[in-house]
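Have a look at the structure below before the remarks.
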Amino acid sequence: MASGEERRRRDNLVPLAALISREMRIEKMEKPIVKYGHAAQSRKGEDYFLIKMDCQRLPGNSSSTFSVFAIFDGHNGNAAAIYTRENLLNHILGAIPRDLGREEWLQALPRALVAGFVKTDKEFQSRGETSGTTATFVIVDRWTVTVASVGDSRCILDAQGGAVFSLTVDHRLQENVEERKRVTASGGVVGRLSTVGGVEIGPLRCWPGGLCLSRSIGDMDVGEFIVPVPFVKQVKLSNAGGRLIIASDGIWDALSSEMAAKSCHGLPAELAARQVVKEALRTRGLKDDTTCVVVDIIPPDNSIPPSTPPKKQNKLRALLFRKKSHFSASKLSKKLSAIGIVEELFEEGSAMLAERLGNGDSTSQSTSGLFTCVVCQIDLAPSEGISVHAGSIFSTSSKPWQGPFLCADCRNKKDAMEGKRPSGVRVA
């Protein structure tokens, strides 16, 4: 017969199935519920969107799931918007090293977004089509939201408590003084459309081409100083969650960020998206393609009440800025989440690839033992790679022989975007 001590040990054992069930419950408590809605009204047929709820950092591992939401507002045709919708996600994921843990993966994501945007632009331009597109690309991984954007589509965060934050920057020459300076310094000419008699009308544009934007994917007929390098912002929501509104300029030309958020308060995501589009059309009419995606990030138990709306003088303080943090799960971070503060993890908008790709792992070594181009991910012999720092006054490294490395084609594109040589692309 078993002794009393043995019986006590046996009674304290927990079946494996119970342990697994417990772990799953803990994971479920940590992961928010993500719900979305989409609505659109078409005028030119050049707006496209992407929604993928079942992406996985580790194939076959359901606990590594993340979601992707994106809007692509095409111009001069829909070819660039379609191509970007079909290829951008794969290019981004292909630029992230394999077998990373979640925190490392999130830390690698901003650089991978830049590489993915540039690769998509490079490949589309090689097709010889003159179409272009904006791109606002959102990745939701639990409570962390990462947004990359070029152009004038926009993503805003309506945080619990009534504060509304922009997670993107508009790349319109009319409003963005820094982008005007960059374009002219790189060889572009910025001015308005001239009519007969020399009268200038309309918004500021870049010539040649007459594009109102300073960043986009495609647009090979405009010049490579119109760059595909995205503004990237990464934030961690509090455990009260929040709402994302992602929309093309058909919405934002009619509604401010605050108006869009207010117009759909209290509605579920699907109805909210319809209401935002309806309000934009009521305000301005259907003058452009109008597309909206609403994403609700909701606490799993729905028991956390919305935080008290902040006082007016403290509203701008509700977002804590922590530039380029190392994603540590510190006690401070947990306290901030508990009291309803949104924590900024990363923000960068420079158009210079040496600044955007030059930080982090500098070896850029593939599993085959060869070096890889940090943009297009092709294998390079050690003698073929050109450092992203080489010849750059923006270098963050004093050793230009260090990586990450670019292939010759990507180095030529980098030089063209920075105005160091004429664009190799010519359109009759």
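The phi-based Karplus calculation (6.51 cos²θ - 1.76 cosθ + 1.60; θ = phi - 60°) puts the 3J(HN,Hα) values of segment 101-113 at x, 4, 5, 5, 5, 5, 5, 7, 5, x, 5, 5, 4 Hz, whole numbers, x for Gly and Pro. Across segment 83-94, computed HN-Hα scalar couplings (Karplus, 6.51 cos²θ - 1.76 cosθ + 1.60, θ = phi - 60°) run 4, 5, 4, 7, 10, 4, 4, 4, 5, 5, 5, x Hz from first to last residue, x flagging Gly and Pro.
What residue among V199, G209, N176 has its Cα farthest toward the positive end of the dipole of segment 144-223, where the charges are +1 on Lys, Arg and -1 on Asp, Glu, each on the Cβ? In segment 144-223, that residue is V199. Remark: segment 257-263, residue by residue, has Karplus-estimated 3J(HN,Hα) of 4, 5, 5, 5, 5, 5, 5 Hz, where x stands for each Gly or Pro and the curve is 6.51 cos²θ - 1.76 cosθ + 1.60 at θ = phi - 60°.
Backbone amide hydrogens, once placed in the peptide plane, bring E224 within less than 5 Å of S423, excluding anything fewer than 5 places away on its chain.
Among K181/K420; K44/K287; K122/K420, which pairs are too far apart, with a Cα-Cα distance over 19 Å? The pairs that break the limit, which is 19 Å between Cα atoms, do not exist here. Across the alpha-carbon atoms of segment 187-226, the computed radius of gyration and Dmax are 10.7, 34 angstrom.
Going down the table (K31/K119; K31/K233; K31/K236), which pairs top 23 Å between alpha carbons? Distance filter (> 23 Å) returns K31/K119.
The residues of segment 233-291 expose on average 38 square angstrom of accessible surface per residue, using a 1.4 Å probe on protein heavy atoms. The orientation-averaged shadow of the Cα convex hull for segment 116-169, equal to a quarter of the hull surface, comes to 4.6 nm². Put simply, when 257-269, 141-153 are sorted by average Cβ atoms within 10 angstrom per residue, most first, you get 141-153, 257-269.
What the Kirkwood sum gives for segment 58-161 is a hydrodynamic radius of 14.7 Å, with every pair of different alpha carbons counted. Toward the positive end of the charge dipole of segment 75-171, with +1 on the Cβ of Lys and Arg and -1 on the Cβ of Asp and Glu, the farthest Cα among G162, T146, L93 is that of L93.
The values are calculated or read from the model by the stated rules, or taken from the named source; none is laboratory data. Owing to the predicted nature of the structure, the values given are computational and were not obtained by experimental measurement. All Cβ positions, glycine included, derive from the backbone under ideal geometry; neighbour counts span all protein chains shown. What goes into the accessible areas is simple: the full protein's heavy atoms, side chains included, and nothing from ligands, DNA or RNA. Shrake-Rupley method; radii C 1.70, N 1.55, O 1.52, S 1.80 Å.
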